[in-house]
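Here's the structure we're looking at; comments come further down.
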Amino acid sequence: MKLLKVHFPNFILILLIILSTTSCIKKDPLPIKEKTKKTDYAHYLSLADKHSENQVYDSAFYYYNKARLECKSDENERIIYTLIKMSATQQIQGDYSGSETNATEAIPFFTKKTNSYYVVAIYNILGINYKNIFDFNNAILYYNLAYKFSEDDLQKSIIKNNIAVVYIDRGSYERALQILLPLENKQLADNPENNARVLDNIGFCYFKLKNPKAINYLNRSLQIRRDIKDSFGITSSLMHFSEIYAETNQKLAKHYADDAYKKATEVNNVDDRLLSLGLSIKNSNGDELKKTTILYLKINDSIVKARQKAKNKFAKIKYDSKKEKEENQKLRLEKAEHLLSLQEAKYQKIVGLIVFFFLGIVIVILIRYYRHKNRIVKIKTAYDTETRIAKDIHDELANDVFYAITFTQTQSLTSDNIKETLIQKLDHIYTRVRGISRENNNIDTGVNYAENMKEMLSTYNSKTTNVIINGIEKVNWDDIDEIKKVAVHRILQELMVNMKKHSDAQLVVLKFDSNSKSVFIDYADNGKGFEKEKISKNGLQNMENRIQAIKGSIIFDTEPDKGFKVKIKLPK
């Protein structure tokens, strides 16, 4: 059994925590019992303190945790305070892992404005936890952090004493003495409980180093503890005397161990009861040894079970509280969402009526706008058609008619050759009139659409120009709406007219193809071509406008003396 546990039982260690945080409790920025109203936080904290005083630690932990859950996210010092109380409660019950978890949870809430007593308390708790699980390096690390933030001499002395205890537990007695001896000063002399603790530690180190000064320091410590009636301290002193006399006087050593057991039993200090029984066993024999050993095993078993039970309770309390809070938040959220949904439904109804009203106005305006636009388009189309017909008549027919009239006036119609020539001229004029009529009449978009379009394209065959049409029957024209059919017919018609007027092409090839979504038309001739920049001047801009109007695309590829190519794509 490690001597540190003889000298510093768990409850004494907790007293050190309380000593280091007493000022912290009195200087709480929101003193619970004096300045706050009966809030849930204050109510839970008050209940927790009462249960802690009565040593009902599971109930105390429950209400400290309830108080913690009532803290708002920006109430840093309240959160830290409740976590100090929770981790201290767990430490009393030997739940060092749980105590470490809660103490560590407090660290992210530290700020430059955090009360230094809170910071010291958290680091001191962590130091004690690590010492009790024999992680001495971390224990010293956190004790040093606690010392760094300590602001008064008494607090610093307590932390130094705790550091020395770690070195005692490691067997570094000379290093412990280097820390403890400077603590014999007036500051500790005015605080008898801590003064006795330091004297006892010094005496124990001297005992381990076989220095005769040990008895003097241990006697002084025991006398102070008896004067102030420090039952826990007296128990530790008696156990130390039992260790001292174990090698020289077993009877006296057993006497001190038995007295320590009685004192520990009076104050219900189970750890010291167990440690004192261990010392008694070392100095017993026969039936007494058997009886003491059985009692030791019984107490040890009860401590292990009680602490495991306490650990499970603490874990369950924290889990249940967290789950309860989450469920309450969920219920509040669901209620808020329900109210919000009702409010949204109300607003949606109002907004819907407003939108419906304005939508009706917009629809009326759009209908009138598009009717007006369509009327203008029809007028413009009619005007463009009339202009084109007039131009065709002027450019192509007027001269031919005038020439035919002049021919009849200047030539003798009795001659068969002259008659034949006149008939040919009139036939040519008739063909041109039919062509102009065909170019501007209505387009049949029904079942004969493909056949009529093929016939229209074929009319541009001549002695000098060969027009080849491939795949027009492969396209299912029934899948294409009438507007697109008309646009395709007009685009191809304009292409052929453009070819006839400007290209001097000998060969023209039109290839049709399609898939499930689009129709593809490729046009190519071997004419003289022209520069791309002159497309708009050649009348081809109209084709581009037509294809864009039906969401299609048209690509012109031409250069002087390299022919003319067009790729058309339109959606079905």
When residues of region 262-287 are limited to those that are modelled with pLDDT under 80 and open to solvent by 90 Å² or more (accessible area, probe 1.4 Å), the one nearest to TYR245 (Cα to Cα): ASN285
For region 557-571: of the residues being modelled with pLDDT under 90 and part of a strand (DSSP E or B), which is least open to solvent (accessible area, probe 1.4 Å)? THR558
If you scan region 463-495, which residues turn out to be under 16 Å from ASP525 (Cα atoms) and not in a helix (DSSP H, G or I)? LYS463, THR464, THR465, ASN466, VAL467, ILE468, ILE469, ASN470
Hey, HIS255 hits all of (1) modelled with pLDDT of 90 or more; (2) farther than 23 Å from ASN185 by Cβ; (3) under 56 Å from the mean Cα position of the chain (by Cα) but one; which does it fall short on? (3)
Looking at ASP153, ASP169 in this structure, which one is under 28 Å from ASN300 (Cα atoms) and either more than 46 Å from the chain's Cα centre (by Cα) or not polar (S, T, N, Q) (or both)? ASP169
Listed by range, helices (runs of 4 or more DSSP H) wholly within region 1-99 having at least 1 residues that are charged (D, E, K, R), modelled with pLDDT of 85 or more and open to solvent by 20 Å² or more (accessible area, probe 1.4 Å) are 40-53, 57-70, 76-92
Only residues in region 201-226 that are on the phi < 0 side of the Ramachandran plot count as the first member; pair them with residues that are part of a helix (DSSP H, G or I) and β-branched (Val, Ile, Thr), Cβ under 6 angstrom, at least 6 apart or cross-chain, and list the lot. PHE207/ILE244; TYR217/ILE202; ARG225/ILE234
Residues located in region 460-486, provided they are open to solvent by 20 Å² or more (accessible area, probe 1.4 Å) and under 26 Å from LYS501 (Cα atoms): TYR460, ASN461, SER462, LYS463, THR464, ASN466, ILE468, ILE469, ASN470, LYS484, VAL486
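The rows are residues; the columns are (1) touching a Leu at 6+ places or on another chain (Cβ under 7 Å); (2) open to solvent by less than 80 Å² (accessible area, probe 1.4 Å); (3) at pLDDT below 70.
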| residue | (1), (2), (3) |
| --- | --- |
| GLN329 | no, no, yes |
| LEU339 | no, no, no |
| GLU344 | no, no, no |
| ARG368 | no, no, no |
| LYS373 | no, no, yes |
| THR387 | no, yes, yes |
| GLN411 | no, yes, no |
Within region 162-185, how many residues turn out to be surrounded by fewer than 15 Cβ atoms within 10 Å (Cβ to Cβ) and either hydrophobic (A, V, I, L, M, F, W, C) or farther than 26 Å from TYR123 by Cα (or both)? 1
Region 144-161: number of residues that are within 15 Å of TYR123 (Cα to Cα), open to solvent by 40 Å² or more (accessible area, probe 1.4 Å) and not aliphatic (A, V, I, L, M): 7
State whether one or more residues within region 443-450 are in a helix (DSSP H, G or I), of a type outside the set (A, V, I, L, M, F, W, C) and modelled with pLDDT of 90 or more. yes
Of (1) among the polar types (S, T, N, Q); (2) free of Cβ contacts under 8 Å to residues at least 12 places away in the same chain; (3) closer than 21 Å to ASP444 by Cα, GLN493 fails just (2)
Quick check on this structure: which one of ALA164, ALA103, ALA189 is small (Gly, Ala, Ser) and more than 24 Å from ASP230 (Cα to Cα)? ALA103
May I ask you to list the residues in region 199-238 that are within 22 Å of LYS160 (Cβ to Cβ), under 57 Å from the mean Cα position of the chain (by Cα) and open to solvent by less than 10 Å² (accessible area, probe 1.4 Å)? LEU199, ASP200, ASN201, ILE202, PHE204, CYS205, GLY233, SER236
Filtering region 466-477 for residues that are without any contact (Cβ under 8 Å) to a residue 40 or more places away in the chain and in contact with a helix residue (DSSP H, G or I) (Cβ under 9 Å, 6 or more places away or on another chain) leaves a count of 2
Over region 186-195, the set of residues buried (at least 20 other Cβ atoms within 10 Å of the Cβ) and in contact (Cβ under 8 Å) with a residue 40 or more places away in the chain is ASN194
I need the full set of residues from region 515-545 which are at pLDDT below 85 and among the basic types (Lys, Arg), in order please. LYS532, LYS534, LYS537
Does THR235 satisfy the criteria of being of a type in the set (Val, Ile, Thr) and touching a residue at least 60 places away in the same chain (Cβ under 8 Å)? yes
Hits in region 239-261 - residues which are open to solvent by 10 Å² or more (accessible area, probe 1.4 Å) and assigned to a helix (DSSP H, G or I): GLU243, ILE244, TYR245, GLN250, LYS251, LEU252, LYS254, HIS255, TYR256, ASP258, ASP259, TYR261
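The values are calculated or read from the model by the stated rules, or taken from the named source; none is laboratory data. Predicted, not measured: the structure shown is a model, and the values here were computed from it. Glycine gets a Cβ as well: all are built from the backbone with ideal geometry, and neighbour counts include every protein chain shown. Just so you know, the surface numbers come from the protein's heavy atoms only, side chains and all, with ligands and any DNA or RNA stripped out. Shrake-Rupley method; radii C 1.70, N 1.55, O 1.52, S 1.80 Å.
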